[in-house]
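FYI, it's all coordinate maths here, none of it is from the lab. Small disclaimer: the values here were computed from a predicted structure and weren't measured. Because the Cβ atoms are built from the backbone with ideal geometry, glycine has one as well, and the counts that use them run over all protein chains shown.
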Amino acid sequence: MSFDNALGAIAEDNDEARWAFGTGFHDPLAGIDASVPDGVDGADLAAYCLMLGDDALVMSHRLQEWCTHAPELEEEVALANIALDLLGQARLLLARAGAAMGTGQDETALTETVLTEDALAFFRDAPEFRNVRLVEEPNGDFAHAIVRLLLFSTWRLALLDRLTSSADPVLAAVAAKGVKEVAYHRDHAALWTIRLGDGTEESHRRTRRALDVLWPATGELFGVHEVERRAAAAGFGVDPADVRAEFDAVVGEVLAAAALPCPAPVPAEVAGRGGAHSAALGALLADMQGLARAHPGATW
Amino acid sequence: MSGGTSRGAEGARGEEARARAVAAAVVDPELPMITLDELGVLREVRVEDGRVEVSITPTYTGCPALDAMRDDLRARLTGAGFADVRVRTVLDPPWTTDWISESGRRSLAEAGVSPPGPAPRRPAGPVPLTLGPVRRIRCPHCGSADTTELSRFAATACKSLHRCNGCREPFEHVKEI
Ligand SMILES: [Zn+2]
């Protein structure tokens, strides 16, 4: 069977089933009760979900950039799968943010202000993104990708694990699924960190360099933005300062096994959470958002 | 209770059973040897006032197959004469490979895909690091326990990639989650 025929056979049966190669995705929260629980501020919930969603979306994009560039086929597939998991988490979190944004306003305003996850992903500019800067830094070599994945997923796993008891049932459910996924991501990154760090002289040197380059960005993982402070106080979010001990313990264990030195803790700071980003995010968004902005509503 | 209402209730139950049978026979788009029911993705089928409401849960958050499942369910139920079909997503409780039925596990193995073992039970405290191989995975082709993990991520997020050192064949394993 030729490639054209195979593609035709997939498309022929069902016009709607375009998931394999085009647009036509449904609302990821279809049929889920999206009301905001009592005692939870809709605007804060939206802002908080945007932070967690943007972390996943931007990290997913950096991992997607590895497609056709990974050192071996198995690793290419692994990074793409991890990117897909994070994209799924981003879709749910941005959809949750969009649904929570309209609350607290009158009925007529509501229908106009509810934003879909696509609008949030493709039509915000860099200063409106709330991701930590660790995820937006440009890709380097494979050691850089692995060390970033280790730092990011160790931190995110600790956050999601605590969010499984969030006062927002949608956020709690998204977190419960995310924990299982990110645990695989973290362990994958940990195994590679050990293989590279405790590998050849060259792989050790590169992994150590990646750690030197990325480590300063870890201070931002534990800085507390005012939205996070209120979200934690209201019981639907996590104070990022609370996950630092777990992060230090897990990363320390992996680095020791990888024969790598554990750098000194970086003072906590808030930057990306408040919209302060590097130029790299603008370039990333130009790539990610270009098509959606040039052809709004395009389908294929 | 009058005979009329009892017959009506029986009819509704019959319709529900019929809708459930149609939905249960829809196969997974990425693992076509197994049905959505055997996979544990189909959570509930209800018929009320002629409307069918099907609840499904994603295996992984980013699984693009969920949209295909939704379309397939709608198409098959519509084809079976149910005009009004709604497909709901359920996130809680999260899907686990423990929900894959015995017949589903047999179908996977017969198709050369190693079925999952029991999902990991978590101790209290932080999610522990898993750095070594979790368990011996048997080759679905020859049954040998002498196998090597090639990658924890195979063609889809739900599977890992292995090679049998006995028959030298590669195979996929559905990861415990
Ligand atoms: Zn074998």
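Note on region A:228-292: Cα Rg divided by 2.2 N^0.38 Å, N the number of residues, gives 1.58.
This model, with +1 at the C-beta of Lys and Arg and -1 at the C-beta of Asp and Glu, gives chain A a dipole about its Cα centre of some 740 debye. The Cα-based radius of gyration of region B:3-89, divided by its Kirkwood radius, gives an Rg/Rh of 1.02.
Charge dipole of region B:12-51 (Cα centre as origin; +1 on each Lys and Arg Cβ, -1 on each Asp and Glu Cβ, all else neutral): 160 debye, rounded to the nearest 20. Size of the protein assembly as shown from its Cα atoms: along the principal axes, largest to smallest, the extents are 79, 67, 49 Å. When the alpha carbon gyration tensor of region A:169-298 is reduced to an equivalent ellipsoid, the three semi-axes, largest first, read 29, 23, 17 Å. The three principal axes of the Cα atoms in region B:5-44 give end-to-end lengths of 43, 14, 10 Å, sorted in falling order. Hydrodynamic analysis of chain B uses the Kirkwood radius over alpha carbon pairs. Inserted into Stokes-Einstein at 10 °C and 1.306 mPa s, it gives a translational diffusion coefficient of 87 µm²/s. Shape class for region A:41-291: prolate, because the ratio a/c of the largest to smallest gyration tensor axis (alpha-carbon atoms, square roots of eigenvalues) is 1.5 or more and a/b beats b/c.
Could you give the dipole magnitude of chain B about its Cα centre, charging the beta-carbon of Lys and Arg +1 and that of Asp and Glu -1, in debye to the nearest 20?
Details: 24 positive and 24 negative charges, 88 e Å.
For chain B, the charge dipole is close to 420 debye.
Based on C-alpha pairs under 8 angstrom that are at least 6 apart in sequence, chain A has a relative contact order of 21 percent.
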